[in-house]
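**Student:** What follows is a structure written as structure tokens; I'll ask about it next.
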Amino acid sequence: MQSAIEVTGLGKSFGRQRVLSGLDFTVAAGEVFALLGPNGAGKTTTINILTTLVVPDEGRAVVAGFDVVSEAEQVKQRISLTGQSAAVDDVLTGAENLVMLGRLSGLGATAANRRSAELLERFDLMDAARRRVATYSGGMRRRLDLALSFVVTPAVLFLDEPTTGLDTRSRRELWDVIRGLADAGTTVLLTTQYLEEADRLADRIAVIDGGRIAATGTPEELKGRLGGETVELRSHSGALLHEVPTDGTVSGLRRALDVLDESGAEGTVALRRPSLDDVFLSLTTPGATTDPPEKADTRTQTLQEQR
């Protein structure tokens, strides 16, 4: 399968602080790929390198077939970046934001207006097209931010914690939008602090810790690394009393229940499968910090204006 992103031996330091140490991963074309890791693990630095905003000290990264250092201009023409907060002009309406970026991206007036209307419809913002963005909800602002990323359709979309600060409903609505973009052929690389988000969206996940990839795989593959199910006995108040690992077979369940029965404790029994939370905790170092304190807060508009 063709690769949209290839990262080999990537290294980066800021002063004496080592941020990335031999990072290696590949993202297939049309894939949703999630980078997970504790705060400061190197996720944002990785995105900044892949979007040509930071130059690596070591290694090589290729995005959409072009080297991010020697062919940076070609990379910029094929990507979009949406950061951790919506980069929209509150004074303008939703339609005006889109038309403005369309003109900055080289579209004529007619083409920019046509593209604006298409994106407002696609991202379910048509009813709010003529309202100032200052009146938008958080979810609407994030959808408009994503729409701005598609004024010129990118081959690769980078999303740095795209649902930070959104309520549960808005977050789930945005998941549907992101999944739809990937289904239409755009490669998506996202970082997120929400493990459920990665489980729901990602075709594959890489867990990054201390500037290195600790593990890569599908959500199910990563959860499978921790073994089978666990039978839990909880008190009526919900406190965990006992837990017994099991292989998930009928005989294994019976043995686990016998062990719990022998404990003499009373409560309710539940079967729990490993979660991404378990994977995350098993692969990452508590309290690790490698990202520099200055995080580039760059937006789609910046990349488009550099074209």
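**Student:** Restricting attention to strands (runs of 3 or more DSSP E) lying wholly within the stretch 182-278, give those where 1 or more residues are touching a Pro at 6+ places or on another chain (Cβ under 7 Å) and surrounded by 13 or more Cβ atoms within 10 Å (Cβ to Cβ).
**Tutor:** Output list reads 187-191, 204-209, 230-234.
**Student:** Identify, from the list TYR194, TYR136, the residue that is assigned by TED's automatic domain parsing to the domain that holds ALA64, within 30 Å of PRO274 (Cβ to Cβ) and of a type in the set (Phe, Trp, Tyr).
**Tutor:** TYR194
**Student:** Answer with yes or no whether LEU166 is of a type in the set (A, V, I, L, M, F, W, C), surrounded by fewer than 23 Cβ atoms within 10 Å (Cβ to Cβ) and in a helix (DSSP H, G or I).
**Tutor:** Criteria not met by LEU166.
**Student:** Check LEU119, LEU101 and return the single one that is in contact (Cβ under 8 Å) with a residue 60 or more places away in the chain, within 20 Å of PHE158 (Cα to Cα) and part of a helix (DSSP H, G or I).
**Tutor:** From the options LEU119, LEU101, the qualifying one is LEU101.
**Student:** Right, here's the next one. Of all residues in the stretch 63-80 being within 19 Å of the chain's Cα centre (by Cα) and of a type in the set (Val, Ile, Thr), which is modelled with the lowest pLDDT?
**Tutor:** Among them, the one singled out is ILE79.
**Student:** Among the residues of the stretch 17-37, which ones are in contact (Cβ under 8 Å) with a residue 40 or more places away in the chain and under 27 Å from VAL177 (Cβ atoms)?
**Tutor:** Answer for the stretch 17-37, where residues must be in contact (Cβ under 8 Å) with a residue 40 or more places away in the chain and under 27 Å from VAL177 (Cβ atoms): PHE25, VAL27, ALA28, ALA29, GLY30, GLU31, VAL32, PHE33, ALA34, LEU35, LEU36, GLY37.
**Student:** Residue check: is GLY11 on the phi > 0 side of the Ramachandran plot, touching a residue at least 12 places away in the same chain (Cβ under 8 Å) and not hydroxyl-bearing (Ser, Thr, Tyr)?
**Tutor:** So GLY11 does not fit the description; no.
The values are calculated or read from the model by the stated rules, or taken from the named source; none is laboratory data. Note that this is a predicted model, so its numbers are computed, not measured. As a convention, Cβ positions derive from the backbone with ideal geometry for all residues, glycine included, and neighbour counts pool all protein chains shown.
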